[in-house]
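To keep things clear, I will list the structure first and then write my remarks on it.
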């Protein structure tokens, strides 16, 4: 992935658009389908794509995963945030990265937690706050953060409750994984910030599983290329991995890691046409 760290930072700091967009949007879409469930800090709920070309991004993911998109009308009437729907269920959004001349995009995952508490812990442990805690009407309190390795993520305390805790269905999020050049340092950081339990990943060196609320929530592994900036990679569950990879390539994606077996599934990692890394897996339960 030929991605400059400065560009990745600039785009992900575009998550700060969520804060500035409070004035643009009267109400943000809630995260998922809210339910009266207990919150589990560190549970990944949602993902937003910060993109300099929202229309191109929507076209690509619509063709690959069948996602549809619901625009959120800005107060000034301009095109703004788009909610991503998988079979009619909200799972994420596309945030326009305005003011950039270079084309690009990045995914940023939103995890459940208290933004003020998490922001303080992140700073105490060598990370940084990209967007200070802010209330997004309809969504809840939000903060965008950066870990010491440079990977960006967000924390949200949902206004209307977290969605039901379930394994992602077809074309929904299945997993989130951090690629970093120092997995040991990263797991110590996220353990302290979210209170994760940490375990070794089966059959993989320098790879870990992060657990919260009694369930595995995310993974951490050494980046396959030391030149890559640290980043959280979202995984989409698919029914037919070869067919999904073929659709992605036909619509402008590049395969970074070809389909390979892993943990009762086939997994592939790609870059979308604007350079955002993402993964697919055809995971099958026992």
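Just so you know, all these numbers are worked out from the coordinates, no wet-lab data involved. Note that this is a predicted model, so its numbers are computed, not measured. Using ideal geometry, Cβ is built from the backbone for each residue, glycine included, and neighbour counts are taken over all protein chains shown.
Exposure proxy check: 196, 61 ranked by fewest other beta carbons within 10 Å?
In order of increasing Cβ crowding within 10 Å: 196, 61.
To make sure I understand, if each residue's beta carbon is the centre and we count other beta carbons within 10 Å, what order do 68, 83, 180 fall in, fewest to most?
Result, fewest neighbours first: 68, 83, 180.
Testing the spin-label approximation: label points 7 Å from Cα along Cα→Cβ at residue 211 and residue 120. State their distance in nm.
Those two pseudo-labels are separated by 2.9 nm.
Rounded, prolate or oblate: pick one for region 127-243, where a ≥ b ≥ c are the square roots of the eigenvalues of its C-alpha gyration tensor, a/c under 1.5 means rounded, and failing that, prolate if a/b is larger than b/c, else oblate.
Here region 127-243 falls in the oblate category.
Could you check the simple spin-label distance between residue 185 and residue 202, using points 7 Å along Cα→Cβ, in nm with one decimal?
Placing both labels 7 Å along Cα→Cβ, they lie 3.1 nm apart.
Quick check on packing: order 235-242, 142-149 by the mean number of other C-beta atoms within 10 Å, highest mean leading.
142-149, 235-242
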